[in-house]
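Worksheet: the structure to be examined is printed underneath.
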Amino acid sequence: NENGGGKTSSAAGNAGIDVAELHRKLTMALGKEIARQEISLRMTPEGFVISLHELGFFNSGEARLLPGADEKIKRIASVLLEYGLDMRIEGHSDNVPIHNAEFSSNWDLSTARAKAVAMMLLNEAGVDPRRLSIAGYGEYHPTERNDTPEGRRANRRVDLVVVATTTPAEPSLQ
C-alpha cells in the first residue's frame, strides 16, 4: 500500500531529509520483505513511516520477535543510522479483544511489541536511546478497516515513524 513513490515533500518534523532518497535506500535494503508484504513504507503528516507488519515479525497475540526479525530490523537501522534520525516506535493492533496470560488488552500487546522493536534497535543495532520514543496505540489508530481479515492483518503492526532529522542545538525555553 505505497503512496506515489517519488514524493519529496517533507512533513514538518522531517525538514532537511531527502524522503525520496530514504525511500530508495530502504527499498534496496528491504526489497524481499516489501514484496512479501512484511514491511511497507509511506509518508504521512506525522513523518516517514516504516511499518513492520505482524507477518514476519510476531506470532499472533505475542510480543516476542520471530527468528530472523532482528536481522530485518538491523537492516532498517543501518539505513536510518546514516541519517541520524529520531524515531517514535508505535505498536498497533486490530480491534479483536485479547486477554491471555501475558496481555490483558490490545494496549498491552501493542506497547510490548513496540518495546521489543525498540530494545532490538538499542541493544543490537546501536541506536542512540536519546533518539527513540515508544508508544502503544492498541486498536485506535488503524490504517485499514477492521471488518475484513486483510484489514485486521494490516492493522497489526509496529510503525517506525521518523520524526526529526537533527537534534536541536539548544532548546529555547520561554
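The values are calculated or read from the model by the stated rules, or taken from the named source; none is laboratory data. Not measured: the values here are computed from a predicted model. Neighbour counts are summed over all protein chains in view; Cβ atoms, including those assigned to glycine, are modelled from backbone coordinates with ideal geometry. What goes into the accessible areas is simple: the full protein's heavy atoms, side chains included, and nothing from ligands, DNA or RNA. Shrake-Rupley method; radii C 1.70, N 1.55, O 1.52, S 1.80 Å.
In whole percent, what relative contact order does the range 18-164 give with Cα contacts below 8 Å and a gap of six or more residues? RCO, the range 18-164: 31 percent.
Over the range 13-53, what percent of the accessible surface lies on carbon and sulfur atoms, probe 1.4 Å? Roughly 56 percent of what the probe reaches on the range 13-53 is carbon or sulfur. Rounded to the nearest 0.05, the FRET efficiency derived from the C-beta distance between ARG36 and TYR83 at R0 = 35 Å is 0.90. The residues of the range 61-174 expose on average 54 square angstrom of accessible surface per residue, using a 1.4 Å probe on protein heavy atoms.
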